[in-house]
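The values are calculated or read from the model by the stated rules, or taken from the named source; none is laboratory data. It should be emphasised that the depicted structure is a prediction, and the values quoted were computed from it without experimental measurement. Cβ coordinates were reconstructed from backbone atoms using ideal geometry, including for glycine residues, and neighbour counts include every protein chain displayed.
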Amino acid sequence: MILLVFFGVIIVGVILALIRAIKGPTPPDRVVGVDIMVTITIALMVLLGLFFKRRIYLDVSLIYAVLSFVGVIAIARYLDKGL
C-alpha cells in the first residue's frame with residue numbers, strides 16, 4: 001500500500017519536472033527539469049528494487065546517477081563557456 005503512495009508521488013514529481021523542462025524560460029531551467037526527472041527515475045529504480053527484492057536495480061541506479069552527474073556537469077560547462 002505504501003509503495004502505491006510512493007509511486008503516486010513519483011508520478012506527480014515527473015509531471016512537474018516535465019513542465020519545468022518544457023516551459024523553462026532559460027536553458028539552465030530546462031537542464032534542471034531534466035535533471036530532476038533523472039533523479040526521480042533513480043528513486044523509482046530504487047523503489048522497484050525494494051518491491052521486487054532485486055539488487056540489480058540498485059546497481060543500475062547508481063551507474064545511472066553517476067552518468068547523469070557527469071552529463072549535467074558537461075552541459076553546465078557548455079552553457080557557461082560555450083565550449
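Some points to look at:
- Restricting attention to the range 23-56, the residues that are over 20 Å from residue 5 (Cα atoms) and in a helix (DSSP H, G or I) total 11.
Quick grid of which residues meet (1) modelled with pLDDT of 90 or more; (2) among the small types (Gly, Ala, Ser); (3) surrounded by 13 or more Cβ atoms within 10 Å (Cβ to Cβ):
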position: 10; (1), (2), (3): no, no, yes
position: 17; (1), (2), (3): yes, yes, yes
position: 39; (1), (2), (3): yes, no, yes
position: 54; (1), (2), (3): yes, no, no
position: 65; (1), (2), (3): yes, yes, yes
position: 68; (1), (2), (3): yes, yes, yes
position: 78; (1), (2), (3): yes, no, no
position: 82; (1), (2), (3): no, yes, no
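- Within the range 1-22, the set of residues being outside any loop (DSSP other than H, G, I, E, B) and not β-branched (Val, Ile, Thr) comprises 3, 4, 6, 7, 8, 13, 16, 17, 18, 20, 21.
- The range 1-23 residues that are aromatic (Phe, Trp, Tyr), paired with ones that are in a helix (DSSP H, G or I) (beta carbon under 9 Å, 6 or more apart): 6/43; 6/44; 6/47; 7/44; 7/47
- Count of the range 27-63 residues, restricted to those that are closer than 17 Å to residue 14 by Cβ and either in contact (Cβ under 8 Å) with a residue 40 or more places away in the chain or not aliphatic (A, V, I, L, M) (or both), is 9.
- Test: residue in the range 43-50 that is more than 29 Å from residue 78 (Cα to Cα), out of contact with any helix residue (DSSP H, G or I) (no Cβ under 6 Å at 6 or more places or on another chain) and modelled with pLDDT of 90 or more: no
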